[in-house]
1. Give me the three principal axis extents of region 150-278 from the C-alpha atoms, as integers in angstrom, largest value leading.
2. Which distance in nm do the two modelled labels at residue 85 and residue 209 give, with both placed 7 Å along the Cα-to-Cβ direction?
3. Suppose we keep just the alpha-carbon trace of region 145-188; what are its Rg and Dmax in angstrom?
4. Within a Cβ distance under 14 Å of residue 177, other residues only, what is the Lys/Arg minus Asp/Glu net charge?
5. State, as an integer percentage, the relative contact order of region 150-278 based on alpha-carbon contacts under 8 Å between residues 6 or more apart.
6. With +1 on each Lys and Arg Cβ and -1 on each Asp and Glu Cβ, how big is the dipole of region 150-278 about its Cα centre, in debye rounded to the nearest 20?
7. Please give the per residue volume of the convex hull enclosing the alpha carbon atoms of region 4-108, rounded to a whole number of Å³.
8. About its Cα centre, what dipole magnitude does region 193-260 give when the only charges are +1 on Lys and Arg Cβ and -1 on Asp and Glu Cβ, stated in debye to the nearest 20?
Amino acid sequence: MSSVLKYKFDDFEADIRAAELRRNGARLKLQLQPFQVLVALLERPKDVVAREELRQRLWPEDTFVDFDHGLNTAMVKLRDVLGDSASKPKYIETIAKRGYRFLGEVQAVPVQAVAPEVPAAVQESQASTPAETQADAAPQTETGLPRASRGTARLLFVLSQIMYLIFYPAALSRWEKLFQAAETAWRGAGTIAFVVYMVSALVGLAVRLYLISATAMDYHLLGKKYRVLLPGLFLQDMIWALAPFLLADRIGLGFALGATAALIYMPFAQRILIKMIDRRV
C-alpha cells in the first residue's frame, strides 16, 4: 500500500484511498481512469510520464482496448475538471510523442501525518461521551440543499424539462390560436408578443432536448453547461411564465395568476435540482 495518503496542489487535493479529487474541500466529479492518470503525474511532478507507462498502469497487457482514444478521453476529462488547457497548460503539459508532465507544485501527505496517536486520556474521555454528543460534535458539511437522492433530483429535473417541451410544440402547432390569444391579451403589442413566443419556442425545443439528453446520459459537465445557459434560460422561462395570461379569457384571471406564480418558481427549482445533481452523493 502506498505510504502517501493524498497529494495537494493549489486548491486541489487528491485523496488516494477514496479515489477522490477535491477543491477547497468540495468533491469534484471525476471518473476513476482520469483520477489514476492524475495520481501517476502527481507521483512524479516536473518529470515526463510516458504514455506507455500510463497504459501499463491503467490497462493490463491482456486488455483489448483502444488505448490512445481511452487515454486522450481521460486527459480531456481531467483537464476539464482542473480548468486546464492543452494549448496553455497550467498543470498538465503534453510532451509530443512521449507523454505528459505535471507542472504545478505538489505536496505529498504521508499516511502517518494524518493518523496521530490519540492519548489514552483522550480515548477514555471519548469513550465516556454519549454517542449523540459525539455525533453532534462531528464536523458536518451543510449545503442547505434537500436530502433527496441524486437520482431523484435527476428525475425531477428531466420532468421539468418535459413540461416545457410540451408547451413549445403545442404553441407551434396552434400558431393561429396563439396569434389570436396574443392580440387579445396584449392588444397593441400582440404581434410582438406572438413573434417572441414563436422564436422562444423554437429555441426552447433545442435547449430542452439538450438538457434532457445530458441529464439522461449523466454528462459530467451538466452543471457547468447549465450555468452558461442560465441567463438566457431564465429570461425564456420568465416569458413563458406569462403564457397563462394568453388563456385568461378561457381559464379565468385567478387561475392564470396562480399558474404564472408556479411557473415563475420553476427556474429557481431547476437551479436547486442542478446543485443537487452536482453535489457529492
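1. Principal-axis extents of the Cα atoms in region 150-278, largest first: 45, 27, 22 Å.
2. In this crude spin-label approximation the distance works out to 3.2 nm.
3. 16.8, 48
4. Neighbourhood net charge equals -1.
5. Answer for region 150-278 is 35 percent.
6. Value, rounded to 20: 340 debye.
7. Spread over its residues, the Cα hull of region 4-108 gives 100 Å³ apiece.
8. Dipole of region 193-260, to the nearest 20 debye: 180 debye.
No value in this document is a laboratory result; all are computed from the given coordinates. The structure displayed is predicted, hence computed values, not measured ones. Because the Cβ atoms are built from the backbone with ideal geometry, glycine has one as well, and the counts that use them run over all protein chains shown.
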